[in-house]
1. Just to be sure before I move on: is residue A:66 more than 20 Å from residue B:236 (Cα to Cα), more than 11 Å from chain B (Cβ to nearest Cβ), over 31 Å from the mean Cα position of the chain (by Cα) and surrounded by 16 or more Cβ atoms within 10 Å (Cβ to Cβ) in the structure I sent?
2. If you check residue B:79 against the conditions, is it assigned to a helix (DSSP H, G or I), surrounded by fewer than 17 Cβ atoms within 10 Å (Cβ to Cβ), under 28 Å from the mean Cα position of the chain (by Cα) and away from every other protein chain (no Cβ under 14 Å)?
3. Among residues belonging to the stretch B:269-280 that are under 17 Å from the mean Cα position of the chain (by Cα) and closer than 24 Å to residue B:88 by Cβ, point out the one that is farthest from the other protein chains (Cβ to nearest Cβ).
4. Which numbered condition trips up residue B:17, out of (1) surrounded by fewer than 18 Cβ atoms within 10 Å (Cβ to Cβ); (2) at pLDDT 95 or above; (3) within 12 Å of chain A (Cβ to nearest Cβ)?
5. Restricting to the stretch A:22-31, name every residue that is surrounded by fewer than 16 Cβ atoms within 10 Å (Cβ to Cβ) and within 9 Å of chain B (Cβ to nearest Cβ).
6. How many of the residues making up the stretch A:5-14 are surrounded by fewer than 16 Cβ atoms within 10 Å (Cβ to Cβ) and either more than 8 Å from every other protein chain (Cβ to nearest Cβ) or at positive phi (or both)?
7. So which pairs qualify, if the first residue must be in the stretch B:93-118 and free of Cβ contacts under 8 Å to residues at least 40 places away in the same chain, the second must be surrounded by 15 or more Cβ atoms within 10 Å (Cβ to Cβ) and not in a helix (DSSP H, G or I), the Cβ gap must be under 6 Å, and the two must be at least 6 apart or on different chains?
8. If I ask for residues that are surrounded by fewer than 16 Cβ atoms within 10 Å (Cβ to Cβ) and either in contact with a helix residue (DSSP H, G or I) (Cβ under 9 Å, 6 or more places away or on another chain) or at pLDDT below 95 (or both), which ones from the stretch B:439-476 would you list?
């Protein structure tokens, strides 16, 4: 079909424009000077305007629609691509260009306003922007005219086919089993040798240890690099260019080390995607949830395991002989898994983490339906914090202003963090059937883990939907019990 | 005129595409991972192909030609822009797109081949590529069909309106006055306290000193940044984003420090261009020669002056108390101006530097006319080295393979280095009439120098041709005597 060729060429062109926008994003988040952003916003506006025109052009729409009508005649991969293209097209084509441009401009401003509001602990200075963003979200959903519920449209953007119904079932299970369990654990205050958590760890030595971790986890430096930024993130344009960042907290080394292992999980995923998807819509990871499953697998199942520190603690100690004097690998394992009722999501331990997500999910749901307005949001936040973790923020920056997501219009994103973490437990269970993971960690054979994940998950890119992929990998549908059992088992033992 | 609006919009669009290509170049030269280049070449090929199409489109050509016909009715700045646009258009429009794309692909390969040839000291592996590049250059000149001599076409690309006749006169003056003077100086071997030149200087301390220099020279870090790369360079997209790089040579600190001051000269120029040129063809510096005049002014007239080290040597000593034990500011001044017959251009001192350029100019001229072929090139190189500096390279990498320029197709570029250095002396003479420069340096009032240069040179961008600008700044046409006299005076005193 001639249309296939046309489609391929158009996608190729769109991807090349996206490539330059992505590269600009990398620069913006890692080193672009303060005063460069004004002109940059204009430049990005122009190129993304051109990209928007391509993505909504009559020619592109007609070719996608034509292929969609003939989807039964296409091979599986192309059919999958056309399905994804059709979904994006149907959504974006309903948005008037002016509004799209205005929204993107707002996004650029919003982030700065949020940053300032957070620094000043001034929710009211951010509230009107938040209001506008929610308005835009609702309006775009209305343009789209889907039969789905509005919040379901957003959820689907971050995790294909996931709905409130699915998430409610997941979070209800967590609420039922985990909230009381967490409260039990929090009551226990075992005496631990863990003062070293708060020692001072020089950044350059932390960097040495992160470099060591890159080797241990088999990250390919010929196809990526390590850099610093305020918020750690992974970035990629193709499997041959996958970068990640870390921030070195001198007063909290644990945050840097586990963030590095987390990002290495994301980065290993992207380095493992098959290159043949480069110029297709199937490049990059399957979904936010599947992506998070890989980062959490690395961070929690590997990085926070007893086996991991049994073999790698000596190297950490080499980097910090003073700070870790009198500390042994068991102390390290316990300290890396210390449970605390904290206010800040990104500092939360593995056990309390999903409760932070649950809270955000509940609030987003109500913000989008209109059951909650932005004025009442901070108090609603605090109420749920009290309910789930029995702590109360004393400032907006420790509460409702703490995350970047809403200022970036990312409603529907948060739940994928908890979902991905739960996927990781289910994947762990499946992998365990094939080989003894702890033994592989202890033998420093993490390449085995990587090969397994690569074969079953990484290399496939977006070839399968997240639901189909999880089923293929684990042999069953998503089941939160693996996650709940994993947490209960691990933390019962740690706090027995 | 409607055409003016169309022209403005088209230039704006071209500039935004160029912006992303430039940003990609910055990334390529500072941190992009090895394996990312293959896909990058494709991406750059696509976007620069789109840019080429815009630059050669019938619509753009007709609007430029129309405005060129009505140039008398335009204001000075627009007229200048149209003249520049017309010149570029007439040249680029004659090149078949396929050949243009092929040439650009060759450029990407050529650099890597040159790097390898240089590392392997294997001229023959680079020669066929060099041959091809020269062929392309000649062919493009033939397409252009100018009445100018071929090498004059190339010279004009790097320094508007400069011809072989002009350069011959300039280099003849140098040859006559400077070659014998250099030979005299080289005979003298005064006893000097300069062993510290070859001490080991840790990179992180060098970086501290470069940060100090940024403050002294009033570089605005809100509109730029300092980074490391193999070859130092300055990069900019607008006055609000001007970055530069340094390489820290632990075994030769002088190279890092003077390269930093040099790049700060370029960077200060770009930070000073008027923002109203951002979306015009008049943005950025006036020419390669004028640009080099600013970097050389900073590097030589400021950085290698007695006054500069009188005030800043104490800071250098603070960074390197061990290495500089027993060294005083006079030793530093002498060491910073030590004359040596060296083989490598970028390591050459101020006095012998122009002879390295003269040699390249002579050879390029003959390569383009065909009087010299690539086979005979290395020997011709060595012969001139012997004649001008009485030294002979013992390898290709110390001789004909040392510079990146030819592998990048940059024929006609070298002479602007010497020309710009000579401009700097003429500008120095003009500035000296307004205030005592040495005194300003000694008083740490380098802001005065910057303000003077900004007012007369930087802010004007490409508003004037380099010839017109130099005349406006100094009150006379280019005159190499200022340069020759400056060198003779300085080095006679240093080597008396």
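1. In short, yes.
2. Answer is yes for this residue.
3. Narrowing the stretch B:269-280 to residues under 17 Å from the mean Cα position of the chain (by Cα): B:269-271.
Filter once more, so that each one left must be closer than 24 Å to residue B:88 by Cβ: B:269-270.
Details: B:269: 17, B:270: 12 Å.
It comes out as B:269.
4. (1)
5. Answer for the stretch A:22-31, where residues must be surrounded by fewer than 16 Cβ atoms within 10 Å (Cβ to Cβ) and within 9 Å of chain B (Cβ to nearest Cβ): there is none.
6. Of the residues in that region, 3 qualify.
7. Correct list of pairs: B:93/B:56.
8. Passing the criteria: B:439, B:442, B:443, B:444, B:445, B:447, B:472, B:475, B:476.
The values are calculated or read from the model by the stated rules, or taken from the named source; none is laboratory data. Everything numeric here is computed off the predicted structure, so don't read it as measured data. So basically every Cβ, Gly included, is an ideal-geometry build from the backbone, and we count neighbours across all protein chains shown.
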